[in-house]
Structure formats: structure tokens, C-alpha cells
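Read through the structure below, which is laid out as C-alpha cells, and then see the notes.
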Amino acid sequence: MSEAGELPLAVDGLTTAFRVEGRWYDAIRDVSFSVARNETLALVGESGCGKSITALSIMGLVPKANGRITAGRVLLDGRDLVPLDETEMEKIRGNAISMIFQEPMTSLNPVLPIGFQVAEALRYHTALTGEAARARALALLEHVKVPSAARRFDDYPHQFSGGMRQRVMIAIALACSPQIILADEPTTALDVTIQAQVLALLAELKSETGMAMIFITHNLGVVASIADRVAVMYAGDLIEIAPVEELFEHPMHPYTEALLSSIPRVDRDAGDLKPIAGQVPPITAMPSGCRYADRCPLRVPRCATMPPLVGLAVDPNHQVRCWVRAADESVSA
Ligand SMILES: Nc1ncnc2c1ncn2[C@@H]1O[C@H](COP(=O)(O)OP(=O)(O)O)[C@@H](O)[C@H]1O
Ligand SMILES: [Mg+2]
């Protein structure tokens, strides 16, 4: 593992709740992980498992109308962001941490030219103004490989394809040279070829700049090409975390196994794909104990209580939250 000083971001015991019909329910609970410089951590799980809420909690963007962080810390270079007010968080968002969302059309302003929007981000987050901001915006668009960037500088978002719009969003995210990029399903809306190109670009930018990246996806299939480590979430709980190869070769949690066997693979017939039976419970109807127990082929009576996340004795960097599987291995708490 890295030295403490190399850990730009550490999430510790993060719990975020929403009020639904007058009662508070945890959408994520006791989530802990860290990400090192030049490391990509993938956060995976089916839809509704708490991936976006984890990202929004880190960014201080939990919807205020009915949501709040109820416990835990978000340490950026050792400084806890949770107690910061909106003015202080605005200085951090788009500076130390940038976020890329799934649908670039909703994040770009449809009535402003692309180049202007990148220059605007630079004017907001850096000392650059006027021509200097324009020149740097063009360099950024070239950097994210928007073809004929100079000619297309004054085009509007609707004149760009989905993949090109996502490149523009990446350029905006890079405008402030962030330490950390949080990418929430940035390629999910794109077709497979374009998706692969955007993944390659993100990987390239990460190694060039040494930034840390948290890459969120419901598709474990794209993780192998981009992640160094993988954290798997189920129903608001972090249930397994391991280096990427280790996770693919020795998945421990039955949910991770089920996710892996639902990935389409070139070396397997589509007929072998096993969708996971059942559904992620809504936050208003979470079972007590292990939340996966209802869907789990390995369920034992003990699963009625919540298992802890423990490291395997053979590899403490591989942690799993499962009574059955943790007992199979001798584990170190
Ligand atoms: N504003 C909200 N109010 C109430 N519940 C919410 C809100 N936003 C998200 N949730 C719930 O929190 C859980 C986690 O959601 P989310 O983080 O968006 O999942 P994911 O990104 O993994 O698909 C879901 O059950 C979702 O319905
Ligand atoms: Mg999401």
C-alpha cells in the first residue's frame, strides 16, 4: 500500500441517508476506501447499490432537500471535507476534485459554444483570462483528442457526437489539473467502440498527470481495462475490495461471483450469461444482516447478522464481507 502522504483521498465510515415519507434510511452505510496517486479505483455494483451517492457524498453534492451525510469522513490530503460549507466546497470542486457525469448533454450548456465552455471553466478555476484562456481551452480540447479542435471550437454541443461531448466534459474536468477525477458511468451512454476510446483516453490522462481516479460503473466488463483496484458495492454496503487481477481470478463474495458470471466475454457463448436472480432492495426495505442474503446461494443462519469487511490472511489487500467465505479462508481482521 501507499504511504499516507500519497493518498489524496480516503473515505472513512461514510454513511448517507435520505428521508422518504418522513423517515430516514441509509443509502450507503459505513463505506471506507482510499485511492492513491496514479491509481484508478473502480466502484462497481448493479444499479441502486449506492455508487452515485458515494460520489455525490465525496463531492458535497448530496441533494439537500431530503439527503444528508450522517456519519464518516472524506479526507482530502488528510483534511475532512464533510464539515465544510458550500462556499468552501465550491473551492474544492473543480479544483482538487473534478467529476465527470454519465450524460454530457445535461452537463454542457446547450446554448453556448464548446470552446467557450472549456475557457469558462479555466476562467473560473485558474488565473487565465481572455486570449490565454481561449488558447489553453484549445490545447485542452486537442489534448483530449477532439479532431479539428480549432475548427470546431465555436460549435455547439448538439453538433458533437456523444463520444466527443464526453471528451469535452473530460477537458472541462481537467481544466483545473485536479488531483482526483471522479467519473460516474462516463461511458455508459456510449456505444462499445467509442466507450473503449474514452476509456483509453482516461487511462492515458491518468498516467500522464499522476492523478487518482474513481471510476464508477455497473459494468464489471469495462473494469479490467481501466482499474488498478476494484471495490464492489451491494445495497449501500462495500462488500469486497481487491486489486483488479485478484478480484477477477479469486472473487470471494458470492455477489462478486454473480456479477462476474453476468459479464459478456469473448471466450464464452452468450448462452452462458447468468443474470443475477432477484433485485437490489429499495432503501426503505433493506433486510437486516447481510443485504445480499435473500439472493445468495450460500446463505446460512449467521447471515441474519451483518458480517464485517475483513482482509484475507493470504492477501490483506483483498477484503470481503461474507461470513461463509471469510470462514473458508483464514482471515485477518
Ligand atoms: N434523492 C434521493 N432520495 C431518496 N433515495 C435516493 C435518492 N437518491 C438516491 N436514492 C436511493 O439511494 C440508493 C442508491 O442510489 P445510487 O447511488 O444512485 O445508486 P447507483 O449509482 O449505484 O445506481 C438507491 O436505492 C436510490 O433509490
Ligand atoms: Mg449511479
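Figures for the structure shown
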quantity	calculated
Flag for ILE69 being farther than 30 Å from GLY221 by Cβ and of a type outside the set (Asp, Glu)	yes
Members of the range 218-258 found to be over 24 Å from ASN38 (Cα atoms) and assigned to a helix (DSSP H, G or I), listed by number	PRO254, TYR255, THR256, GLU257, ALA258
So LEU247, is it buried (at least 20 other Cβ atoms within 10 Å of the Cβ), within 20 Å of the chain's Cα centre (by Cα) and within 16 Å of ligand 2 (Cβ to nearest atom)	no
The listed residue being more than 26 Å from ALA285 (Cα to Cα) and away from ligand 2 (no atom under 16 Å from the Cβ), out of GLU21, GLU90	GLU90
Of the criteria (1) open to solvent by 50 Å² or more (accessible area, probe 1.4 Å); (2) in contact with a helix residue (DSSP H, G or I) (Cβ under 8 Å, 6 or more places away or on another chain); (3) among the charged types (D, E, K, R), which one ARG151 fails	(2)
Failed item in (1) open to solvent by less than 30 Å² (accessible area, probe 1.4 Å); (2) in a loop (DSSP other than H, G, I, E, B); (3) not hydroxyl-bearing (Ser, Thr, Tyr), with LEU128 passing the rest	(1)
Cβ-Cβ under 7 Å pairs, at least 6 apart or on other chains, the range 47-62 side assigned to a helix (DSSP H, G or I), far side near ligand 2 (Cβ under 9 Å from one of its atoms) and open to solvent by 10 Å² or more (accessible area, probe 1.4 Å)	SER52/ASP184; ALA55/ASP184
Filter pass, GLN166 being under 30 Å from ASP80 (Cβ atoms) and either buried (at least 18 other Cβ atoms within 10 Å of the Cβ) or not basic (Lys, Arg) (or both)	no
Where THR129 falls short, out of the listed (1) within 24 Å of GLN197 (Cα to Cα); (2) modelled with pLDDT under 95; (3) of a type in the set (S, T, N, Q)	(1)
Residue match in the range 116-124 (condition: in contact with a Pro (Cβ under 7 Å, 6 or more places away or on another chain), more than 23 Å from ALA17 (Cα to Cα) and open to solvent by 50 Å² or more (accessible area, probe 1.4 Å))	no
Index of the failed condition, LEU7 passing every other in (1) more than 16 Å from ligand 2 (Cβ to nearest atom); (2) touching a helix residue (DSSP H, G or I) at 6+ places or on another chain (Cβ under 8 Å); (3) more than 28 Å from MET306 (Cα to Cα)	(2)
Pick from the range 8-51, criterion crowded, with 18+ Cβ neighbours inside 10 Å and of a type in the set (Ser, Thr, Tyr), ranking: nearest to ligand 1 (Cβ to nearest atom)	THR16
Output for the range 52-61, where each listed residue is open to solvent by 20 Å² or more (accessible area, probe 1.4 Å) and more than 10 Å from ligand 2 (Cβ to nearest atom)	GLY60, LEU61
Pairs where the first residue, in the range 188-204, is under 15 Å from VAL146 (Cα atoms) and the second is among the small types (Gly, Ala, Ser) and open to solvent by 30 Å² or more (accessible area, probe 1.4 Å), C-beta under 6 Å, 6+ apart	LEU199/SER225
Search result, residues across the range 63-75 that are more than 7 Å from ligand 1 (Cβ to nearest atom) and surrounded by fewer than 19 Cβ atoms within 10 Å (Cβ to Cβ)	LYS64, ALA65, ARG68, THR70, ALA71, ARG73, LEU75
Filtered residue count, the range 201-232, keeping only those that are open to solvent by 50 Å² or more (accessible area, probe 1.4 Å) and of a type in the set (Val, Ile, Thr)	1
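The values are calculated or read from the model by the stated rules, or taken from the named source; none is laboratory data. Since we're looking at a predicted model, the values are computed, not measured. FYI the Cβ positions are ideal-geometry reconstructions off the backbone, even for glycines, and counts take in every protein chain you see. Quick note on the areas: whole protein, heavy atoms, side chains included, nothing else; ligands and nucleic acids left out. Shrake-Rupley method; radii C 1.70, N 1.55, O 1.52, S 1.80 Å.
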